[in-house]
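Some notes on the structure that comes next.
The values are calculated or read from the model by the stated rules, or taken from the named source; none is laboratory data. Not measured: the values here are computed from a predicted model. With ideal geometry, Cβ positions are generated from the backbone for all residues, glycine too; neighbour counts draw on all protein chains shown.
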Amino acid sequence: MVFEIQEQVDLTPYNSFGVSQMAAYFADIQDPADLPQAREFAASKRLSVLVLGQGSNTLFINDYPGLVLYMNNRGREILPGAGMLRAAAGENWHELVMFCLQNSLYGIENLALIPGTVGAAPIQNIGAYGVELDQFFVELEAFDLKTGEIRHMSKADCEFAYRDSLFKQDPGQKLVVLSVTLQLAVEPVLELGYAGLKEALLGQEATPQRVFDAVCAIRSSKLPDPKRIGNAGSFFKNPVVSRAKLLSLRESYPELPAWDTGDADLVKLPAAWLLDQKGWKGKQRGGAAVHEDHALVLVNRGNASGEDVVLLAQDMSSSILQGFGIALQTEVRIV
Ligand code: EPU
């Protein structure tokens, strides 16, 4: 296909909230060899550049005045070296998880059904049910929009943390992920620590396939399918607070759950639980609403604008600040 840059493209199909905003310029990148040309185009018009996968963690609140690079390159390759695999940025993440299972490559079953692409996975270091991407990450290839060069970045270079990486910080915005290399296990490794997962497998021998099936069942039972109801998964991160803060909160809320963080003084709290205490499930503002079954998920009930979603999110975080003295941070990227 001849590479072209389109003008005035409606982004509705390119963001899982399904909000309608326009991109001034839009390039469907099926071949990374076209990136230098896209970079020159942006430089010649002094445009900002936004990299998009399947838009499952992005909320547009305005038209985008620059160039959107829609990363749509494909390819999955099992590399020499036991358990090594490389996948192109435009591959669908869940399809990669299934591909791994079919090829007896184990470890990422717990990350089944996470919406989005392979290229987006390292941006927020995707995680679920006790597993995070960085546990399997070896390196990635990225196109540097500043210099026009291809860079190979190791795990240390990427600065992974809970739902965070270098790519979410400012210098990271200039890097376009092209492919990701993972080291998977060739023998099953099962992570069953998450409450609900072990219970789902009670009475049967745990296998990677059964963990995969259980994760899909749990997710489908409480998270809305973005193909049917616009959403971007968890809207906020789970907040990390001091243990002293937890003890003081438990005086009023003895049931408040908390997880260890690896740092003895800090604990992670479920934002969904806090929001649920304040009655947010099902609340609506314009076309935006809080999901009926999960207080951390904001959904598009119909014609929500990005602004409806953000205003609802602001009210939610104000109520958590007032009620618990905790400032929630958004997980979703707001553009
Ligand atoms: N809870 C409530 N009310 C609710 C929902 C949940 O009280 O409406 C309670 C649950 O009972 C549980 C706790 O809150 O005690 C945590 O809920 P859940 O297990 O559903 O997980 P979460 O902390 O809300 C995180 C990730 C999810 C991931 C799940 C499973 C973040 C921000 N979110 O959600 O990731 O799938 O754990 O591991 O870390 C995402 O990032 O988009 C995402 C969906």
query: Quick one: would you say residue 233 is crowded, with 21+ Cβ neighbours inside 10 Å and near the ligand (Cβ under 10 Å from one of its atoms)?
result: yes
Among (1) of a type in the set (A, V, I, L, M); (2) touching a helix residue (DSSP H, G or I) at 6+ places or on another chain (Cβ under 9 Å); (3) in contact (Cβ under 8 Å) with a residue 60 or more places away in the chain; (4) assigned to a helix (DSSP H, G or I), residue 241 falls short only on (4)
Residue 92 being of a type outside the set (Val, Ile, Thr) and under 24 Å from residue 144 (Cα atoms):
yes
State whether the residues of the stretch 200-214 include one that is surrounded by 18 or more Cβ atoms within 10 Å (Cβ to Cβ) and touching a strand residue (DSSP E or B) at 6+ places or on another chain (Cβ under 7 Å).
yes
### Task
State whether the residues of the stretch 84-97 include one that is surrounded by fewer than 20 Cβ atoms within 10 Å (Cβ to Cβ) and either in contact with a helix residue (DSSP H, G or I) (Cβ under 8 Å, 6 or more places away or on another chain) or part of a loop (DSSP other than H, G, I, E, B) (or both).
no
If we scan the stretch 156-169, do we find a residue that is away from the ligand (no atom under 12 Å from the Cβ), of a type outside the set (Gly, Ala, Ser), outside the structural domain of residue 101 (by TED's automatic domain parsing) and not in a loop (DSSP other than H, G, I, E, B)? no
Of the residues in the stretch 216-230 that are within 9 Å of the ligand (Cβ to nearest atom) and of a type outside the set (D, E, K, R), the one that is farthest from residue 274 (Cα to Cα) is 218
Only one of 119, 81 is out of contact with any Phe, Trp or Tyr (no Cβ under 6 Å at 6 or more places or on another chain), part of a loop (DSSP other than H, G, I, E, B), modelled with pLDDT of 95 or more and not hydroxyl-bearing (Ser, Thr, Tyr), namely 119
Do the conditions hold for residue 149, that is, is it in the same structural domain as residue 176 (by TED's automatic domain parsing) and crowded, with 16+ Cβ neighbours inside 10 Å? no
